[in-house]
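Structure first, commentary second.
The values are calculated or read from the model by the stated rules, or taken from the named source; none is laboratory data. Computed from a prediction, not measured in an experiment: that's the story for all the values here. Cβ coordinates were reconstructed from backbone atoms using ideal geometry, including for glycine residues, and neighbour counts include every protein chain displayed.
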């Protein structure tokens, strides 16, 4: 699974949250975002789509370029 490659994930205004929260793995960030605590930190006025480019910008790990291209193709 590709989601395991996303490590050092930051949820902040780029992803539609007030404040800044950092997580070791993408799975932790998703679990937090789905929780009532994550919901309370969400910016209710944020309506922009969050795409792969935003996720990559919010991730400390370097995802191999060939996988980035494959993920972009799958998202199209």
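For residue 19, are the conditions met, namely being more than 25 Å from residue 62 (Cα to Cα) and either assigned to a strand (DSSP E or B) or out of contact with any strand residue (DSSP E or B) (no Cβ under 7 Å at 6 or more places or on another chain) (or both)? Give the derivation first.
Details: more than 25 Å from residue 62 (Cα to Cα): no; either assigned to a strand (DSSP E or B) or out of contact with any strand residue (DSSP E or B) (no Cβ under 7 Å at 6 or more places or on another chain) (or both): yes.
Here the answer is no, as residue 19 does not meet what is asked.
Residue by residue through the stretch 6-16, note down the ones that are in contact with a strand residue (DSSP E or B) (Cβ under 7 Å, 6 or more places away or on another chain) and in a loop (DSSP other than H, G, I, E, B). Give the steps one after another, and end with the answer.
Of the stretch 6-16, the ones in contact with a strand residue (DSSP E or B) (Cβ under 7 Å, 6 or more places away or on another chain) are 6-11, 16.
Listed by number, the residues that qualify are 6, 16.
What about residue 24, is it without any contact (Cβ under 8 Å) to a residue 40 or more places away in the chain, on the phi < 0 side of the Ramachandran plot, out of contact with any strand residue (DSSP E or B) (no Cβ under 6 Å at 6 or more places or on another chain) and not in a helix (DSSP H, G or I)? Yes, satisfied.
Can you give me the number of residues within the stretch 28-62 that are surrounded by 14 or more Cβ atoms within 10 Å (Cβ to Cβ) and assigned to a helix (DSSP H, G or I)? Steps first, please.
Our first condition is that a residue be surrounded by 14 or more Cβ atoms within 10 Å (Cβ to Cβ); within the stretch 28-62, this holds for 28-30, 32-33, 38, 41-42, 54-56, 58-59.
Still in the running and assigned to a helix (DSSP H, G or I): 28-30, 32-33, 38, 41, 54-56.
Selection size over the stretch 28-62: 10.
Flag: residue 25 does not match the condition of being exposed (fewer than 13 other Cβ atoms within 10 Å of the Cβ) and either modelled with pLDDT under 95 or closer than 13 Å to residue 2 by Cα (or both). Kindly indicate whether any position in the stretch 42-51 is within 12 Å of the chain's Cα centre (by Cα) and within 20 Å of residue 4 (Cβ to Cβ). So far as the stretch 42-51 goes, yes, one or more of its residues are within 12 Å of the chain's Cα centre (by Cα) and within 20 Å of residue 4 (Cβ to Cβ).
Considering (1) in a loop (DSSP other than H, G, I, E, B); (2) touching a helix residue (DSSP H, G or I) at 6+ places or on another chain (Cβ under 6 Å), the lone condition that residue 3 does not fulfil carries the number (1). Scanning the stretch 63-76 for residues that are closer than 20 Å to residue 9 by Cβ and exposed (fewer than 11 other Cβ atoms within 10 Å of the Cβ), we see that the one that is modelled with the lowest pLDDT is 75. Applying the set (1) out of contact with any strand residue (DSSP E or B) (no Cβ under 8 Å at 6 or more places or on another chain); (2) more than 14 Å from residue 5 (Cβ to Cβ) to residue 32 leaves exactly one unmet item: (1).
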